[in-house]
Amino acid sequence: MLKVLSCSSMPRSYFLQPKACLALQKDVIHMHAVTGRCTKVARNINMERLRNNYLFPEISARELEHIKKYPNAEVISLGIGDTTEPIPDLIASAMSDYARSLSTPEGYKGYGDEQGNKALRKAIAQTFYRDLAVKDTEVFVSDGSQCDISRVQMLLGSDVTIAVQDPSFPAYIDSSVIIGQAGDFQYNSGKYRNIEYMKCGPQNHFFPDLSNTLRTDIIFFCSPNNPTGHAASREQLEQLVEFAKENGSIIVYDSAYAAYITDESPRSIYEIPGAREVAIEVSSFSKSAGFTGVRLGWTVVPDELLYSNGFPVGHDFNRIICTCFNGASNIAQAGGLACLSPEGVSAMFSVVDYYKENAQILLDTFASLGLKTHGGVNAPYVWVHFPGKRSWDVFNEILGKTNIITVPGSGFGPGGEEFIRVTAFGHRQTILEASTRLKSLFP
């Protein structure tokens, strides 16, 4: 009988060795040649360039494999950054009320504006960008920032050059590969040929040396950063905006974790003078309102942002939205409006504070073990250093000995080697239990 390979049944070596990756592709091709009739359509060459399985499904596959091997294990996930606490009642009630109203002639509504509910666009502009000159017509409501990253990539096309922080959220790189910007993967360096990797580590305060950074058309930049948890300072972002202006580049700024900023670090790129001429900002309700399953976010494209020929970028993004998207769920947008009421904002930040308390517990735990940590103050992620160790080895050791899921830093790029990312998303008792287990592993 022919065995079908799935993410969970693939040998782990396939995700680590280049020859094994090629062998896997041949196995899959052979499998489908045997079980189905081939069409005359060639596979998208860019899909073949993807190095391996997407990071987080791979971690889930390893978790399932561990549970299969140890069925009585009580696994704690501090890996994938999924929220755990209930959505505040007033926000959930707004969505349920809207959903119930759809069963009435008076309350039923079908398609909304592709760009989003006008009231929600206005509320986003007033709540998050009150003094930053962002207009409601520059706000495009979506089903989440990760979806918008791919839409921005579609907007930009395959001919642009890109730069990413190293380490960085995998979606920036994988979407660049799929659309054709990245070139071939270089196994000796762990990088794609046509991507400029901007090293961001403790040695440079998690901000790239722009004097040694090649000029690219697009700069993906996330702050507070996933995975390192670092929030860029005002001075750092001023340097970034000036760098983009000097080079005629566009910054794609991901502010999905802005609600976690505790200090004076900017929460939006538009706090920096001149940013409206060089930056798109994507953001989300996922990690502030617990909307990881509800799906609601937004992208800001300022009117001043222009292509080299003077054409407004926002006009093209509007066309992308109208072509590829019928608008965010009306039910989710009702929840978004509730989030941005005075009571909703207070409720959201109460949940954010809960996760920040979790982060402090984790920071204290690793500090007691003598391990160097970063992040965890302006973000729900703790970035833990294990000098001289490969991050997948640390992942495997922690999982095998404590039944705790983390994320290996190398999954975020070569700059993440020797680190693991630990999330503060979790029930308090779970975080405390994880703390106890970790202390037993590293006494």
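Summary table
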| quantity | calculated |
| --- | --- |
| The stretch 289-331 - Debye-derived log10 I(q)/I(0), Cα point model, q = 0.21 Å⁻¹ | -0.78 |
| Among Phe140, Phe325, Phe221, residue whose mean-square fluctuation peaks in a GNM of the chain (springs only between Cα atoms under 10 Å) | Phe325 |
| Candidates Cys38, Cys147, Cys222, ranked by Gaussian network fluctuation over the chain, Cα under 10 Å, top entry | Cys38 |
| Additional length obtainable on full extension of the chain from Asp364 to Asp159, 0.36 nm per residue less Cα span | 69.2 nm |
| Fraction of the pair-distance distribution of the chain above 28 Å, Cα-Cα pairs, percent | 53 |
| Helix-only CD estimate at 222 nm, as mean residue ellipticity for the chain, using -39500 (n - 2.57) per DSSP H run (n ≥ 4) | -12500 deg cm²/dmol |
| Cβ-Cβ FRET estimate between Ser189 and Phe56, R0 fixed at 35 Å, reported to 0.05 | 0.90 |
| Asp184 accessible area, assembled protein chains, probe 1.4 Å, Å² | 70 |
| Enclosed volume per residue, in Å³, of the convex hull spanned by Cα atoms of the stretch 218-287 | 79 |
| Among Leu240, Leu90, Leu363: highest mean-square fluctuation, GNM of the chain, C-alpha pairs under 10 Å | Leu90 |
| Rounded FRET efficiency, nearest 0.05, which uses the C-beta distance separating Glu65 from Lys439 and R0 of 41 Å | 0.95 |
| Computed accessible area, Lys199, all protein chains, 1.4 angstrom probe, square angstrom | 100 |
| Computed over the stretch 188-304, Cα set: Rg, Dmax in Å | 14.5, 42 |
| Nitroxide proxy distance, nm - points 7 Å out along Cα→Cβ at Glu235 and Ser211 | 1.4 |
| Viscosity 1.567 mPa s, temperature 4 °C, Stokes-Einstein D of the stretch 289-443 from Kirkwood C-alpha radius, µm²/s | 69 |
| The stretch 49-130, Cα convex hull volume normalised per residue, Å³ | 251 |
| Whole-number accessible area per residue in Å² for the chain, which is evaluated in the context of all protein chains at 1.4 Å | 46 |
| Gain upon complete extension [Glu271, Tyr111; 0.36 nm per residue less C-alpha separation] | 54.2 nm |
| Heavy atoms of Ile87: accessible area, 1.4 Å probe, square angstrom to 10 | 50 |
| Quotient of Cα Rg and 2.2 N^0.38 Å for the stretch 89-341, N being how many residues it contains | 1.02 |
| Carbon + sulfur, % of accessible area of the chain - ligands and nucleic acids excluded, 1.4 Å | 53 |
| Stretchable slack from Arg428 to Met47, in nm (0.36 nm times residue separation minus alpha-carbon distance) | 133.1 nm |
| Shape call, the stretch 315-357: gyration tensor on alpha carbons, a/c limit 1.5 | prolate |
| Taking the stretch 384-435 and dividing mean pair separation by its residue count, relative contact order in percent (alpha carbons under 8 Å, at least six apart) | 36 |
| Among beta bridges that DSSP assigns inside the chain, antiparallel share in %, nearest 5 | 50 |
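The values are calculated or read from the model by the stated rules, or taken from the named source; none is laboratory data. In this text the structure is predicted, and so the values were computed from the model without any measurement. Every residue, glycine among them, receives a Cβ derived from its backbone with ideal geometry; neighbour counts consider all protein chains shown. All accessible areas refer to the heavy atoms of the entire protein, side chains included, with ligands and DNA or RNA removed. Shrake-Rupley method; radii C 1.70, N 1.55, O 1.52, S 1.80 Å.
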